[in-house]
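The values are calculated or read from the model by the stated rules, or taken from the named source; none is laboratory data. Keep in mind the model is a prediction, meaning the values are calculated, not measured. No Cβ is skipped: glycine too gets one built from the backbone with ideal geometry, and neighbour counts run over all protein chains shown. Surface areas here come from the heavy atoms of the whole protein model, side chains and all, with no ligands, DNA or RNA. Shrake-Rupley method; radii C 1.70, N 1.55, O 1.52, S 1.80 Å.
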Amino acid sequence: MDRPVVAVVRPFTSAAMVAPALREAGFSPVAVMDYTGPSLAPLHSSHNPGDYDAIINHHGDMAETVARLGALKPIAVIPGVEAALRLAQECSDALAPAFSNDPELVDARRHKYRMHQELAKAGLPIPRQVSTADPEEVAAWIEREGLAGRDLVVKPPTSAGTVGVSRAPGGEGWRELFTAMLGTRDKLDVLAEEVLVQEMMTGTEFAIDTVSHDGRHSITDMIKYKRVPFGEGIAVYDSVEWLPYDTDVYGELIDYGLAALDAVGLRNWAAHTEIMMTPDGPRLLEVNARLAGAGNPAVTEIATGESQVTRIVDVCRGLGPQLPPGYTLRRNVMAVFLMSHSTGIVRNAEIYDQARDLPSYHSPVHLVTTGDHVDASTDLFASMTMGYIILAHEDSEQIYADREAIRKIERELVVDPVERSS
């Protein structure tokens, strides 16, 4: 008997984990690759063509791509990364509409300003912001909102992984940041046709990871970020901590996050929703209509025994109506991102071997080695040139202590400022 076909569009980063899980569950995974859009070069290494029974290359002719994919009779079409949303939407609408998201709101699931406007329409509080190609419109907005002298965030409205996200302390330099960003392409080759300027929010940053089926949202994990300032960038990842599913403690966060998914028309598949819990309550940073990146699902399985990947497979099995609202945290888990404060060649990566003796040490992910060229840790993609260490333990205090021990080890890191060879 033929195996049911499930297509994944641009299966990069964590979405690359879906195909092996589908194959193991008895499905036939198919990749849809788009060579007409952004190059996504930093993500290509995660794609393994051997994980797919077929690869459909999209070269811009939607009718042709739908016909070629349609010949395989997919039961579902899943977006892999943000840049895949429109292509995945059109393929899903044509071939597997029962698993589609709201087609009218596809741009609101990609463009951060439109995303927030949809939340506002739904009655959810959002940070003050403006998105424009005209710096004078920003200046008028700052005056109108009474934000003169206040910290501001300047970023591309379609950024990912904190790429291009900058801060203007006290509002100083926002115009220069705006002008420097407008019309440029980031490291994912996404053109900044507008620039988003937003009030700087303070508080604790969380993310809620979900898999949805027919408008019902199942939370697979919740994480809390620790970030630290780095130069002009907004902040870099220090660590990520997996949290228990506790509606008494996190009920306001959960209600807001799931309402945000409804507001942007996300009814099916994975989402990674980032929220700042401010003194005034939760405020959306962004909804990412795809799996959590940086290998998150694999770490979530260490913490809970499940993940977005396992629940996506459950939906494909027809178990969508039975997805639970939450999860059980089986042990305390943290990912500690290694950091380099300069770009160059790492000379002594063996210092991180000392971390193996820490009581909560579990495993490394993409760990840097001596001789590797690394980027200064200004965003998530740069951080991943260093990798991270997973800590897991019954005692959360042990994890916190071991995180600080890793930071102490890291003070010995030597990075020579050598240019990458061409």
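Some observations on this one:
- Estimated FRET transfer efficiency (residue 298, residue 347; beta-carbon r; R0 25 Å; 0.05): 0.30
- Dipole-positive endmost among 169, 130, 142 within the range 128-199 (Cβ charges, Cα centre): 169
- Spatial separation of Cα centroids for the range 78-96 and the range 357-391, in angstrom: 32
- Protein heavy-atom accessible surface, 1.4 Å probe, per residue over the chain: 41 Å².
- Filtered trypsin sites (Lys or Arg not before Pro), the range 275-345: DSSP coil and at most 16 other beta carbons within 10 Å: 317, 330
- Calculated FRET value between residue 401 and residue 252, using beta carbons and R₀ = 30 Å, to 0.05: 0.50
- Prolate/oblate/rounded label for the range 244-310 (Cα gyration tensor, a/c 1.5): oblate
- The range 5-100: C-alpha gyration tensor shape, a/c 1.5 cut-off, then a/b vs b/c: oblate
- Whole-number D in µm² s⁻¹ for the range 204-417, Kirkwood Cα-pair radius fed into Stokes-Einstein, 20 °C, 1.002 mPa s: 119
- Mean separation of Cα contacts under 8 Å (6+ apart) over length of the chain, as relative contact order %: 14
- Using a probe radius of 1.4 angstrom, the carbon and sulfur fraction of the accessible surface of the chain is 50%.
- Net length available on complete extension from residue 107 to residue 356 is 85.2 nm, with 0.36 nm assigned per residue and the Cα-Cα distance removed.
- Each Lys and Arg contributes +1 and each Asp and Glu -1, all at the Cβ; summed about the Cα centre of the chain, the dipole is approximately 520 debye.
- Across the options 359, 414, 393, the greatest Cα extent toward the positive end of the charge dipole of the range 330-422 (unit charges at beta carbon of Lys, Arg, Asp, Glu) belongs to 393.
- Put 130, 418, 249 in order of accessible area, highest first, and with a 1.4 Å probe you get 249, 418, 130.
- Taken about its Cα centre, the range 5-100 carries a charge dipole of roughly 100 debye when the Cβ of each Lys and Arg holds +1 and the Cβ of each Asp and Glu holds -1.
- Tensor-based shape of the chain (alpha-carbon gyration tensor, a/c under 1.5 rounded, otherwise prolate or oblate): rounded
- When the surface is traced with a 1.4 Å probe over the full set of protein chains, residue 52 keeps roughly 20 Å² accessible.
- As a calculated quantity, the FRET efficiency between residue 73 and residue 328 at R0 = 30 Å, using C-beta atoms, amounts to about 0.25.
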